[in-house]
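The next block holds one structure in the form of structure tokens; read it before the comments.
The values are calculated or read from the model by the stated rules, or taken from the named source; none is laboratory data. Since this is a predicted model, take the numbers as computed values, not measurements. Cβ: placed from backbone, ideal geometry, glycine included. Neighbour counts: every protein chain shown.
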Amino acid sequence: MNRKIVTFTMSLKQSQFEVDRLVTEANKLGVEVNRALYRDLTFDLKNPSPLRGAPLDKGATEGSRVFVRGEEITKENTMGMWFRVAGTVSGKYTEGRNLTIRLLQKDIFCVNHEGYLNWTRMGKIAQHGVFLENEIPVVNTNIFYTKEQILNHEWIYPVIAKHEKGYQGKSVRKLDNEKELQKFVKRIDEINVGMFLWQKYLPTRWDIRVIVLDGKAIGGMKRSAVGDEFRSNFSLGGEVESWQLSEDDKLLAEKVAKVCGLDYCGVDIMKDENDKSYILEVNRQCQFQGFEKSTGINVAKLVVEMFLRKR
């Protein structure tokens, strides 16, 4: 029986480039990829009990089982699992992902299992706590819980405001003066004030995306903002090009992946005017279309090879 890689997404369109690339490279290496949706999962949860006819002292047991579209996931038919974004308002799919990992990780390689089990949702605030605990440099950041605290703070403009659960730069705002800050704060629901990070603005208008895979930084991509847009994200039209990582930045990105318990991730590094590096965030399910395009590095093949090493 061929052992498959199972990928999980919330829809067929989500991470379509990444999963299609994984399928292509896996097929070249004789590996099958089973694309599943989180809603395809079902669980049969029960306490372990001795297998019929098996000696009790051998520890042979049967217990909880995990199914995808009615087929049980076992070490005989699955070599590993790759999870894409599972966030929902209810959190049901993140819980399903973590339950799958808890039940199967002893027999099947689950990418980023340690990081997922430590942080079901690793938002930007949680990340900053981990970074500071491990002496990883971050941009000066404030967090408040009332609008009054924000408005009474002595700001040096511009100021960056970002939602702690934002992605692809979509929640990031640059506030150039007090009037813009007051207008933005007015629109925030008071109950959500504590979900925002308020940061010092770094005027470089570019950052570096490093992909770390199985503990090693495989390369770097420079992302530059275009025109009036201050955000450098590829998904927002940012220009991308290959970047030669310094040894210090390479080690810094690898340290981020290690302390966050991640086998695969994108680490975002930003420089100030003095070339000092700061970690903006880590993305546990980072996309890599722009990265492959700009660097020529075959990320999908490297992911498949990681699965083959772990089987």
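Okay, here's what the table says:
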{"read-out": "Scope the stretch 1-29; condition part of a loop (DSSP other than H, G, I, E, B), among the hydrophobic types (A, V, I, L, M, F, W, C) and without any contact (Cβ under 8 Å) to a residue 60 or more places away in the chain; matching residues", "value": "Leu12"}
{"read-out": "Complete set of residues in the stretch 168-185 that are free of Cβ contacts under 8 Å to residues at least 24 places away in the same chain and within 17 Å of Asn152 (Cα to Cα)", "value": "Leu175, Asp176, Asn177, Glu178, Lys179, Glu180, Lys183, Phe184"}
{"read-out": "Selection status of Thr88, modelled with pLDDT of 95 or more and outside the structural domain of Glu164 (by TED's automatic domain parsing)", "value": "no"}
{"read-out": "Boolean, Gln168 is exposed (fewer than 15 other Cβ atoms within 10 Å of the Cβ), part of a helix (DSSP H, G or I) and not assigned by TED's automatic domain parsing to the domain that holds Ser224", "value": "no"}
{"read-out": "Failed item, numbered, when Lys124 is tested on (1) without any contact (Cβ under 8 Å) to a residue 60 or more places away in the chain; (2) closer than 20 Å to Phe196 by Cβ; (3) of a type outside the set (A, V, I, L, M)", "value": "(1)"}
{"read-out": "Meets criteria (aliphatic (A, V, I, L, M), surrounded by 13 or more Cβ atoms within 10 Å (Cβ to Cβ) and not assigned by TED's automatic domain parsing to the domain that holds Leu41) for Leu117", "value": "yes"}
{"read-out": "Number of positions in the stretch 74-123 that are among the hydrophobic types (A, V, I, L, M, F, W, C) and more than 19 Å from Ala257 (Cβ to Cβ)", "value": "7"}
{"read-out": "Matching residues in the stretch 75-110 - criterion: being in a helix (DSSP H, G or I) and either without any contact (Cβ under 8 Å) to a residue 40 or more places away in the chain or not hydrophobic (A, V, I, L, M, F, W, C) (or both)", "value": "Lys92, Tyr93, Thr94, Glu95, Gly96, Arg97, Asn98, Thr100, Ile101, Arg102, Leu104"}
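Residues checked against (1) more than 27 Å from Asn34 (Cβ to Cβ); (2) of a type in the set (Ser, Thr, Tyr); (3) in contact with a strand residue (DSSP E or B) (Cβ under 8 Å, 6 or more places away or on another chain):
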{"residue": "Cys265", "(1), (2), (3)": "no, no, yes"}
{"residue": "Asn274", "(1), (2), (3)": "yes, no, no"}
{"residue": "Ser277", "(1), (2), (3)": "yes, yes, yes"}
{"residue": "Phe288", "(1), (2), (3)": "no, no, yes"}
{"residue": "Gly296", "(1), (2), (3)": "yes, no, yes"}
{"residue": "Ala300", "(1), (2), (3)": "no, no, no"}
{"residue": "Lys310", "(1), (2), (3)": "no, no, yes"}
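Each row is one residue, and each column tells you yes or no for (1) surrounded by fewer than 13 Cβ atoms within 10 Å (Cβ to Cβ); (2) of a type in the set (Gly, Ala, Ser); (3) at pLDDT 95 or above; (4) in contact with a Lys or Arg (Cβ under 9 Å, 6 or more places away or on another chain).
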position	(1), (2), (3), (4)
Asp44	yes, no, yes, yes
Val66	no, no, yes, no
Thr74	no, no, yes, yes
Thr78	no, no, yes, yes
Trp82	no, no, yes, no
